[in-house]
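Only the coordinates and a few stated rules stand behind these numbers; no lab work does. The model shown is predicted, which means the values in this text are computed figures rather than measured ones. Heads up, the Cβs are rebuilt from the backbone with ideal geometry, glycines too, and the neighbour counts pull from every protein chain shown.
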């Protein structure tokens, strides 16, 4: 298996800096890790450039930078979200009999961080970590609904609306109207707009101070009937609100 020596050494440096209460110089790092000073110097400069370590200008000793704390916070937030949401997602799957997804917005993409697959033989699935375009389907509408009208309109102009099925919405004004509906109702619908033969509903999770997230239910149009969409949408909205309340309870418990 290929190993990148410089990456391994960078992690060794970060690990040593993290474990030591006293700050370390380049000489300290070089001596304790058995890595040449010039190599340590080059790696620490690179780490300092991205905020992974910080050097005291007077003592020339290193400590961890905020970049690592921010990354750790994001990882913890995802784990926390999955733990809180999973039993609610499982209930939603049982009531709708369709696959249920949990995701977060990552720039111009939506990343899937958890999935409860339908128990039906024919079902929709995906792998955790898959990334969807932001401006497609029900998920895009609920994420866009969190933005101010002007910000949403600008993002639509920047990213553009793609036609991927005959039902795809490509008119910006019509798409903005769909976003307004999602904002007012608390959920969004996708009737074969993203993938032919597939319907979906989505609802946002409101957790102040955390990365924007949402849940969505997806099924084949033959099993997720058009006349059932509103009922499923309300169930999805209720589930998203239950997850939001779970966050509030967790936050209150931590503050006490």
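Using the Cβ-Cβ distance between residue 185 and residue 64 with R0 set to 45 Å, the FRET efficiency works out to roughly 0.50.
Fully extending the segment from residue 20 to residue 37 would add 4.2 nm, taking 0.36 nm per residue of separation and subtracting the current Cα-Cα distance. Considering segment 178-241, its Cα convex hull presents a mean projected area of 4.5 nm². In this label model, residue 125 and residue 226 are separated by 3.0 nm, measuring between points 7 Å along each Cα→Cβ vector. Its relative contact order, with pairs defined as Cα atoms under 8 Å and 6+ residues apart, puts the chain at 14 percent. Using the Kirkwood radius built from alpha carbon pairs, what does the Stokes-Einstein equation give as D for segment 5-64 at 4 °C and 1.567 mPa s, in µm² per second? In µm²/s, the coefficient rounds to 116. Computed from the C-alpha gyration tensor, the three semi-axes of the ellipsoid equivalent to segment 73-255 are 24, 21, 14 Å, from longest to shortest. Per 5 Å bin from zero, what fraction in whole % of the C-alpha pairs of segment 110-171 is there, up to the bin with the longest pair? Once binned at 5 Å, the Cα pair distances of segment 110-171 give 4, 15, 20, 22, 17, 13, 6, 3, 1. In the chain, the DSSP-assigned H stretches of four residues or longer account for a calculated mean residue ellipticity at 222 nm of -16500 deg cm²/dmol, using -39500 (n - 2.57) per stretch and the full residue count as denominator. Reported value for segment 2-153: 189 Å³ per residue, from the convex hull of its C-alpha atoms.
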